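I have placed the structure first, in the form of structure tokens, so that the comments after it can refer back to it.
The values are calculated or read from the model by the stated rules, or taken from the named source; none is laboratory data. Nothing here was measured: the structure is a model prediction, and the numbers come from that model. All Cβ positions, even for glycine, are placed from backbone atoms using ideal geometry, and neighbour counts span all protein chains on display.
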Amino acid sequence: MQLGLSSDAAPDASVDELVATCARRGLAALELTIWPGLHADQLFRSFDRQGDTVRLTGLLSDDTLHAQRLASLSRSTGIPIILQTAGDLHTGIRHTRTIIDYGGEARLFVRGPAEQWLDQVVNAGLKFAWHVDDSCSDPGGDAERILQRTGEIEYVRLAGGGPETATQEGRGIAPLMRALALASYSGPLILTPSSSKYRVIWSTWLGRRGGWGCGSKAESERPMVSIQP
Amino acid sequence: MNTQQRVLDVRVIPPREKHPTIFSTFASLAPGEAFVLVNDHDPRPLRYQFEFEHTGKFGWEYLEQGPAVWRVQISRTA
């Protein structure tokens, strides 16, 4: 299991800053919400350095209009596109398949209890990124159901965690982590804020803001990786 | 999926649920099996609890000791 960070935790941070933040926090994975016009060489610049301990695991996009461009980005980076669509599951399946048909690697973003999406996604032969949020009342049980149906889980996102961990009691995170551990899950577990209202505490947790002191602490924490321009 | 190594990362588990989850995971192991515990601090108090509750039945090996992450392989020996 590789604990990681979604760039949604710090939407205004550069890729370089996100990578350094992950390294400082001991997070091994990074998922980027990508923007139109992003080129692969921009990503390679940020990840091309010595002593790299952070791996880019997914490119999250809600762009359903430029499947060919997303497929090209996925091919050139070797990183899967995670497609989050606003429509129903059938629409998401169709758009994800289009990226794959163009030669890209793509996973469908799915959220909530497995019974709501598992059969359709598996029957469509698609890989998926499972987003665990408050709509999952039994994420540990869901993990076991997914494992029973597919034999493996490859990508998990967790809304909450990080600075929200202490407030997540009784949500079923512990049984989820136990189920993943016992299944020898080796994929990413991407942490993302459960709500934009927590952006300030995430920013503080990530060391991007000072506390209530003199404000010098965050600046004095030097990144553990050096970023080459 | 890597079937060789079980990793329990407790950094996302609420504080009061951490130790019960760790011991529950340990209880699921057969003798000779192990898991890697990942935490953001040295889990020394946990080791004392293991020594009290599972004397002579567990192995404890540090794989990484900070500064950001601690990894401990906890094995079931009996």
Item to complete: For segment A:134-152, state whether one or more residues are under 24 Å from A:Leu32 (Cα atoms) and within 16 Å of the chain's Cα centre (by Cα).
Response: no
Item to complete: Return the residue satisfying two criteria in turn: it lies in segment A:77-87 and is more than 23 Å from A:Met1 (Cα to Cα) and at pLDDT below 90, and of such residues it is surrounded by the most Cβ atoms within 10 Å (Cβ to Cβ).
Response: A:Gly87
Practice prompt. Answer yes or no: is there a residue in segment A:97-104 that is crowded, with 17+ Cβ neighbours inside 10 Å and more than 19 Å from A:Ile81 (Cα to Cα).
Written response: no
Worksheet item: Before we move on, is B:Leu29 surrounded by 15 or more Cβ atoms within 10 Å (Cβ to Cβ) and hydrophobic (A, V, I, L, M, F, W, C)?
Response: yes
Discussion item. Among the residues of segment A:64-94, what is the count of those that are out of contact with any helix residue (DSSP H, G or I) (no Cβ under 6 Å at 6 or more places or on another chain), under 16 Å from A:Leu32 (Cα atoms) and of a type in the set (Val, Ile, Thr)?
Written reply: 2
Worksheet item: Does A:Pro193 satisfy the condition of being surrounded by 21 or more Cβ atoms within 10 Å (Cβ to Cβ) and not polar (S, T, N, Q)?
Response: yes
Worksheet item: Any residue in segment B:61-76 that is touching a residue at least 40 places away in the same chain (Cβ under 8 Å), surrounded by 15 or more Cβ atoms within 10 Å (Cβ to Cβ) and not hydroxyl-bearing (Ser, Thr, Tyr)?
Response: yes
Response to the item:
Checking A:Leu65, A:Leu60, A:Leu3 in turn, the sole residue that is modelled with pLDDT of 85 or more and within 14 Å of chain B (Cβ to nearest Cβ) turns out to be A:Leu3
Response to the item:
Across segment A:102-124, the tally of residues that are of a type in the set (D, E, K, R) and within 18 Å of the chain's Cα centre (by Cα) stands at 3
Worksheet item: Cβ-Cβ below 7 Å, separation at least six or inter-chain, first residue in segment A:176-198 and on the phi > 0 side of the Ramachandran plot, second modelled with pLDDT of 95 or more and charged (D, E, K, R): which pairs?
Response: A:Ser184/B:Arg6
